[in-house]
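Novice: The structure that follows is given in the form of structure tokens.
Only the coordinates and a few stated rules stand behind these numbers; no lab work does. Since the model is a prediction, treat every value here as computed from it, not as a measurement. Cβ sites come from the backbone with ideal geometry, for glycine too, and all protein chains shown count toward neighbours.
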Amino acid sequence: MGPKPVEPEKVSALVEAMRLSASCNNNQPWRVVICRTPEALAKARMALTRGNVWATRAPLIMVVSAKQPDDCHDLSDQRNYFLFSSGLSVGQMLLRAIDLGMIAHPIAGYDPLALKRELAIPNEYVVITMVIVGYLDDDATLLSDKQKVIELARPERKPIGENFFDGGWGAPFQG
């Protein structure tokens, strides 16, 4: 990912994609800190783990947080639906980023407590993901040797019958 800035209108388009995403009862539980100034990016970058050093060149980092009471929470089995609703909004944003010619990569490799502290995210919120956004470039100097190998090939996927069932659990999907 290169340092080329993301144009303001494209940042707005990503925000709009998230804003229009479906959520339980239209609760829209996600809260997103958009880091695009040098100061905000420095705060977000300091929370990255060593394996995500490649993300330090990104011109845009979106930090997605939510809390359970802001979404459907009186469900019979106490599902944390706020995580699903927030994930849907990220998925919509990822598709829009691709449509706009960018890369948007959600990651889990960060220190959520440091992000909360640095970005003033209230303690009751769960930092769900950081989404690293930018444009592809050919400079792979920040990638580890392992990451360079992974980037060259599509990762192997599980067989369909392991994740998808036809009519009941364990009955492999037949297409």
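Novice: Which FRET efficiency value, to the nearest 0.05, do you get for LEU113 and ALA171 by plugging their Cβ-Cβ distance into 1/(1 + (r/R0)^6) with R0 = 45 Å?
Specialist: Efficiency, from the Cβ-Cβ distance: 0.55.
Novice: If you don't mind, another one. I'd like the projected area of region 83-126, averaged over all directions, using the convex hull of its alpha carbons. Report it in nm² with one decimal.
Specialist: Mean projected area for region 83-126: 3.8 nm², to one decimal.
Novice: Using a 10 angstrom Cβ neighbour count of at most 12 plus a DSSP loop assignment to flag exposed GluC sites (Glu not before Pro), which longest range of the chain is free of such sites? Each step should come with its number before you reach the end.
Specialist: Numbers: sites that count: GLU124, GLU156.
Segment 1-123 is the longest.
Novice: Further question on the same structure: Let's test the formula: R0 of 41 Å, r as the Cβ-Cβ distance of PHE84 and GLU7. What FRET efficiency results, to the nearest 0.05?
Specialist: 0.85
Novice: Please express the Cα-Cα pair-distance distribution P(r) of region 1-87 as a list of whole percents, one per 5 Å bin, running from 0 to the bin with the greatest distance.
Specialist: For region 1-87, the binned pair fractions read 3, 13, 20, 18, 16, 14, 10, 5, 2, 0 percent.
Novice: Using the eigenvalues of the Cα gyration tensor, what equivalent ellipsoid semi-axes result for region 8-142 when each is taken as the square root of five times the eigenvalue, whole Å, largest first? Spell out each step's value before the answer.
Specialist: On the way: eigenvalues 130, 64, 30 Å².
Equivalent-ellipsoid dimensions as semi-axes: 25, 18, 12 Å.
Novice: How many Lys pairs in the chain lie less than 28 angstrom apart by Cα atoms, where the lysines are 8 or more positions apart or on different chains?
Specialist: Taking the Cα cut-off of 28 Å, the pair count is 14.
Novice: Within the chain, which cysteines find no other Cys whose Cβ is under 4.7 angstrom from their own?
Specialist: CYS35
Novice: On to the next question. Given R₀ = 41 Å, FRET efficiency for ARG157-ARG50 by Cβ-Cβ distance, to 0.05?
Specialist: FRET efficiency, ARG157 to ARG50: 0.95.
Novice: Which of the listed residues, GLY168, PRO106, GLN68, is farthest toward the dipole's positive end in the chain, when Lys, Arg count +1 and Asp, Glu count -1 at the beta-carbon?
Specialist: PRO106
Novice: Placing +1 at every Lys and Arg Cβ and -1 at every Asp and Glu Cβ, with all other atoms neutral, what dipole size does the chain have around its Cα centre, in debye to the nearest 20?
Specialist: With Lys and Arg at +1 and Asp and Glu at -1, about 340 debye.
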